[in-house]
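Where a number appears in this text, it was derived from the coordinates with a stated rule and is not lab data. All values reported here derive from a predicted model rather than from experimental measurement. Methodologically, a virtual Cβ is constructed for each residue, glycine included, from the backbone with ideal geometry; neighbour enumeration extends over all protein chains shown.
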Amino acid sequence: MGRAKIEEMTKQRVKVRVPDLLKMKRSGQKITMLTAYDATMALLLDRAGIDVILVGDSLGMVVLGEETTVGVTLDMMTHHCRAVANGATTALVVADLPFLTYQTSTADAVRNAGRLIQQGRAAAVKLEGGVSIAETVRALVNAGIPVMGHVGLLPQSVHLLGGFHAVGKNSREAEQVVQDAHALEEAGAFAVVLECVSDELAKRVTEELSIPTIGIGSGPHCDGQVLVSYDAFGLYQGFVPRFVKRYADLGATMTEAARAYIDEVRSGAFPSADHSLSPSTAATLSK
Ligand code: KIV
C-alpha cells in the first residue's frame, strides 16, 4: 500500500475512545493493541490503524534493559507516555501504572493515575490484579479515570510467583482468574487483559464478561489481542515467548543498516555530494 493511501486512511479514521471498545466487543470486531514507548513508534502504529496503544511497563525490559518490570517508576512512565501521546492521533492511549504506585493506598492510586492522565496525556490506565485491587479500580473510576484490568500472569508479581509462567493450569487457579475478571468488571473496568491463560479459560472469561478481554498468550477467543511491539517486530534481542508471532525482523534490518553506514563512513563513500551542502542548497536543510 502506498504512502498516500495510508495517509488518506489515517485522515478518515476517527479517534478511538474508551466506549468504542465495548461497541467493538458487541459487534464482534476484534480489538487490536500494541505497545509503544516513544512518539515515532506511536505515530507508525497509529498510521497502520491500531485501535489501542499501550505504554506498557514492559518499557523496563525492552527499552531500558532491565530483567523485570518492577524497577519502572512513575516518572519513567509519565515521560514515555507523553511522547506516545504526542505521536498517536487516533489510537486510544493506555498507560501502565507501575509497581507500587497503586498497591499502597487508593489515594496514592488516584494521585499517580492522575499524573499519567494529566502529565502523560494517557486516556486510561492499566493495573495488574483482580479481587485484591477491585476497591482501587472503583476509586479510580469514581475519580473519572478509565481503568483497564490485567489478570492471569502478573509480571509485577514476578518475585512472588518465582518467575514468568502460564496461569490457570489447575481448577483453583482458573477459578481465581474468573473471579478476578468479574471483580474488575463489577468495579467499573472497561476492559481486561488476559495474560498467559489457556484458550479454554480465556474463552470462558470472554463469554462471561460484558466488557472486552484482550489476550496475550491466551489464544484466539479473546475480544482483542495485544503484543509487545519490540517482540513482534524483532527489535527486542532478549527472550521472546513462544506465543509471540514475529511480523518483522527490524533488529536485523537495523544492524545491517548500521553496518552499511559504518562501512561507508570508513571508506569515504558517505557523505557524497548528494548528502553535502553546496552554496546553492545551504539555506535549506529539507530534501
Ligand atoms: O507491559 C506490557 O507491555 C503489558 C503487556 C504485556 C500486556 O502489560
Practice prompt. Go through segment 143-153 residue by residue and turn each phi into a ³J(HN,Hα) via Karplus (6.51, -1.76, 1.60, θ = phi - 60°); whole Hz please, and just put x for glycine and proline.
Written response: 7, x, 10, x, 10, 9, x, 7, 10, x, 5
Item to complete: Over the alpha-carbon set of segment 49-207, work out the extent along each principal axis and list the three values in angstrom, largest first.
Response: 43, 36, 36
Worksheet entry | Options His275, Gly28, Gly120, ranked by Cα towards positive dipole end of the chain, top entry (Cβ charges) | His275
Discussion item. Angle check, please: helix 171-187 long axis (alpha carbons) against the longest principal axis of the chain (alpha carbons), in degrees 0 to 90, nearest 10.
Written reply: 80 degrees
Worksheet item: How many percent of Cα pairs in segment 27-110 exceed 14 Å?
Response: 62 percent
Item to complete: Among the chymotrypsin sites (Phe, Trp or Tyr not before Pro) in segment 233-287, which ones are in a DSSP loop with at most 11 other Cβ atoms within 10 Å of the Cβ? Mind listing them?
Response: Phe239
Worksheet entry | Average projected area [Cα convex hull, segment 231-287], square nanometres | 5.9 nm²
Item to complete: State, as an integer percentage, the relative contact order of the chain based on alpha-carbon contacts under 8 Å between residues 6 or more apart.
Response: 14 percent
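How would you rank 248-257, 142-151, 93-102, highest first, on the average number of other Cβ atoms within 10 Å across their residues? Present the calculation step by step, with values, prior to reporting the outcome.
Details: 248-257: 12.7, 142-151: 22.1, 93-102: 25.1.
Packing order, densest peptide first, comes out as 93-102, 142-151, 248-257.
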Worksheet entry | Fewest-first sequence of Arg121, Arg259 by Cβ atoms within 10 Å of each Cβ | Arg259, Arg121
Practice prompt. Take the chain, compute every pairwise Cα distance, and split them into 5 Å bins from 0; I just need the percent in each bin.
Written response: 1, 6, 11, 15, 17, 16, 12, 7, 4, 3, 3, 2, 1, 0, 0, 0
Worksheet item: What value, in deg cm²/dmol to 500, does the helix sum -39500 (n - 2.57) over DSSP H runs of n ≥ 4 give at 222 nm once divided by the residues of the chain?
Response: -12500 deg cm²/dmol
Fill in: Ile262 versus Asn170: modelled label distance in nm, points set 7 Å from Cα along the beta carbon direction
5.1 nm
